[in-house]
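Right, one structure below, let's go through it.
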Amino acid sequence: MSLELNYDWEKGRRDLVAGLTVAAIALPQGMAYALIAGVDPKFGLYSVIVVTAVASVFGSSSHLINGPTSAISLLVFGALAFLDPENHTDLYEALFLLGVLVGAFQIIIAVFKLGDLTRYISESVIIGFMAGAAFLLAIGQIGNALGLRGKGSGDMQVLHRLWLTLFYGDHVNTKALFISGLAVILAVVLRKMVQRYKLPLVDMLLVLVITGVVAYVAGWSTPGPGGATAVSIAGKIPANLPAPHIPEIKTAWFGELSKGALAIAFVGLIEALSIAKALANLSKQKLDYNRQILAEGLANLTGGFFQCIPGSGSLSRSAINYQAGAATRFSGVVTAAVVAVAVLLFASLLRYIPNPALSGLLLVTAVRLVDFKRLFYAVRATRYDAGLVLVTALSAVLIDLDTAVLLGVALSVLLFLPRAAKMKGSELIVTPERVVRERLPTDAAVDPYLLIYDLEGELFFGAAPELDRYFDALKSRIEAQGVKFLILRLKRVRGPDVVCIERIEHFLREEAARGVSVLLAGVRADTLRILQNIRFETWFPASQIFPEEETEHSATLKAVRYALAKLHPTSAEQQAREARQDVEVPQELYYLV
């Protein structure tokens, strides 16, 4: 889990610039998200330092930035709601214990290697998630960009809060609007200059510096006669760092905290992995999802012992980290270090960062976050993908991000299961060139008493009705044509479970009772192992099972030779050859030998 071995000065420069840029966003966000959780702002800053650093060191994603997020902070607020908010001692001890529990749950998930389950998150779900998240990111910044104080509570729907803020709040602050508009213009112009002249990716950092200087020179970020500033600023930052602290444990808390911790653990993982997967698609990075889950758990577990709010992957900070040109996970370590230094040394200066400038920068980030080409591609591709994109995006906007991902994943599974349960059955023939292929209407049968049939698909309980349908059709075919030998090719069936194995056993027993010999050809190792586990050999002849071989069609060809030798025996010598599966058959079928 070490950082990049081929680290060089160029990567270091890019990580430094990205880390500095993200740190400027992380400072006010850390404080704001702590307030959402209903705790002291310093705990949000501690999370930006500790959780961000630990997750970056042990994680897999090169661009994911961890720390406090709005969704997790809302869940934290709900998990602590059973406590008296005025009793700060109990509230904060429960907060730290909650972080330890969240980390423990996530580590357990990693230990049992459940990270691979994330591969069932459809790409269309990720595209819809990013589109909805970008919209929410932009919506959430409109009030700050206009200099309006947010209205409504944190549990209100985001569009409802925006409506209250715009139409039942304060008048638009023209100075804040100027700063946010300037930030947007600078972000666009400077990015074009960076791309055109191949300059270092310092455009986002310069936006904050320039707007900060403008606001300060104009007197908008310094307190007036009433102690208020003309535009809102990041605010006072406490000049102290997190210290190790063992949370107080009260057994009476465990019931409530465990439920909340479990919800935060799963929602946090979905949030982090969804963002990591989306950014990996942009950067073409290969992710180790289980390692990232372990990193999330270690970060929250460590954070619980350093007075931190539980965290997850941050959409806005991760997007800025990627767009600022971060090369490796070290950019997250830089972010944590810069925030720590800022808290200690530069709190009095960093407080002058105008919040409208941050909002303008995040508005631009929201637009850049959406890959419109891939979005339109997915929507046009199939109704299945279009439905996933739209449901995920709309639920993100109308409900919340976490529900959107969960709903998208659930819908993916629900739509996938009927597809996975589809089986394909087809009759096969053997050509004179010894090629086994699907039989065409014009092809003659190998032998009137022999039927070769292929099954393809997943042999799990959902496919049982399809399997029964094919077996019923085979029974009718066998009875109508007087078939004596059926070769059932199982080479292309996968993942058999007890339900389908039981269906196959019933079919074999019924056909044996009717005098029909069924040969199992191309039996895969996993299927063969299951047959051995249920003692198949105690009643089914081992000579009628032909395991899968490396040479294509060889198992099926051996089964055909066996069946033909049984159908057309000629002499004792032929019986001896049959035992070696090297038999003679009628001349018109000689090519099968």
Is there a quick way to get the dipole size of the stretch 377-506? I mean about its Cα centre, with the Cβ of Lys and Arg at +1 and of Asp and Glu at -1; what is the value in debye to the nearest 20? 340
For the Cα atoms of the chain, what angle does the longest principal axis make with the long axis of helix 41-58, in degrees from 0 to 90, nearest 10? 40
List the residues, sorted by chain then number, that are 5 or more residues from Arg492 or on another chain and whose placed amide H is less than 5 Å from its amide H. Leu455
From phi via Karplus (6.51, -1.76, 1.60), per-residue ³J(HN,Hα) for the stretch 357-366 in Hz, x at Gly/Pro: 5, 4, 5, x, 5, 6, 5, 5, 4, 4
HN-Hα couplings for the stretch 500-516 via Karplus (6.51, -1.76, 1.60; θ = phi - 60°), in whole Hz with x for Gly/Pro, come out as 6, 4, 5, 4, 5, 4, 4, 5, 5, 5, 5, 5, 4, 5, 8, x, 9
Estimated inter-spin distance, Ile108 and His245, nm [label 7 Å along Cα→Cβ]: 2.6
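What part of the accessible area of the chain, given as a whole %, is carbon or sulfur when the probe is 1.4 angstrom?
Working: 17070 of 27480 Å².
C and S atoms contribute 62 percent here.
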Label Leu199 and Thr442 with points 7 Å out from Cα along Cα→Cβ: what is the distance between them in nm? 7.0
Restricted to the chain, the DSSP antiparallel beta bridge percent, nearest 5, is 45
Grab the alpha carbons of the stretch 1-57, take their convex hull, and tell me the volume per residue in Å³. 66
Please state the shape class of the stretch 133-192: rounded when a/c is under 1.5, otherwise prolate if a/b exceeds b/c and oblate if not, all from the C-alpha gyration tensor. oblate
Distance from a point 7 Å along Cα→Cβ of Ala228 to each backbone N in the stretch 169-204: keep the residues under 20 Å and list them by number. 169-180
Along the stretch 443-454, what does the Karplus equation 6.51 cos²θ - 1.76 cosθ + 1.60 (θ = phi - 60°) give for ³J(HN,Hα), rounded to whole Hz, x for Gly and Pro? 7, 7, 6, 4, 7, x, 9, 10, 10, 10, 10, 10
By how many nm would the segment from Ala525 to Ser258 grow when fully extended, if each residue of separation counts as 0.36 nm and the alpha-carbon distance is taken off? 91.9 nm
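Provide, as a two-decimal number, the C-alpha radius of gyration of the chain over 2.2 N^0.38 Å, N being how many residues it has. All intermediate terms of the calculation are to be shown ahead of the outcome.
Working: Rg = 32.4 Å, N = 593, 2.2 N^0.38 = 24.9 Å.
Compactness ratio reported: 1.30.
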Report, by chain and number, residues whose modeled amide H sits under 5 Å from the one on Ser312, excluding near sequence neighbours (fewer than 5 apart, same chain). Gly67, Thr69
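Going by average Cβ neighbours within 10 Å, how do the peptides 52-62, 447-457 rank, with the highest at the top?
Values: 52-62: 25.7, 447-457: 20.5.
My ranking of the peptides, most packed first, is 52-62, 447-457.
Determine the calculated [θ] at 222 nm for the chain from helices alone, applying -39500 (n - 2.57) to every DSSP H run no shorter than 4 residues and normalising by the residue count; nearest 500 deg cm²/dmol. Write down the numbers at each step before the final one.
Numbers: 22 runs with 357 residues, N = 593.
Counting only the DSSP helices, I get -20000 deg cm²/dmol.
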Roughly what angle does helix 203-217 make with the longest principal axis of the chain, taking Cα atoms, 0 to 90 degrees, to the nearest 10? 20
Each label point is 7 Å from the Cα along the Cα-to-Cβ direction; what then is the distance between the points at Ile534 and Phe461, in nm? 1.4
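Normalised by the number of residues in the chain, what is the relative contact order in percent for Cα pairs under 8 Å and 6+ residues apart? Walk me through the numbers before you get to the answer.
Details: 1074 pairs, mean separation 126.9, N = 593.
It comes to 21 percent, rounded to a whole number.
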Quick note, the stretch 218-340: a/c under 1.5 would make it rounded; otherwise a/b > b/c is prolate and the rest oblate (a ≥ b ≥ c, C-alpha gyration tensor); here it is oblate
When a/c is below 1.5 the answer is rounded, else prolate if a/b is larger than b/c, else oblate, so apply that to the stretch 180-277 with a ≥ b ≥ c taken from the square roots of the Cα gyration tensor eigenvalues. oblate
If one compares the long axis through the Cα atoms of helix 464-481 with the longest principal axis of the Cα atoms of the chain, the angle in degrees, nearest 10, works out at 20
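The values are calculated or read from the model by the stated rules, or taken from the named source; none is laboratory data. As the structure is a computational prediction, the values presented were derived from the model and not from experiment. Backbone-built Cβ (ideal geometry, glycine too); neighbour counts: all protein chains shown. Ligands, DNA and RNA are stripped out before the accessible areas are found, and what is left, the full protein with its side chains, is counted by its heavy atoms. Shrake-Rupley method; radii C 1.70, N 1.55, O 1.52, S 1.80 Å.
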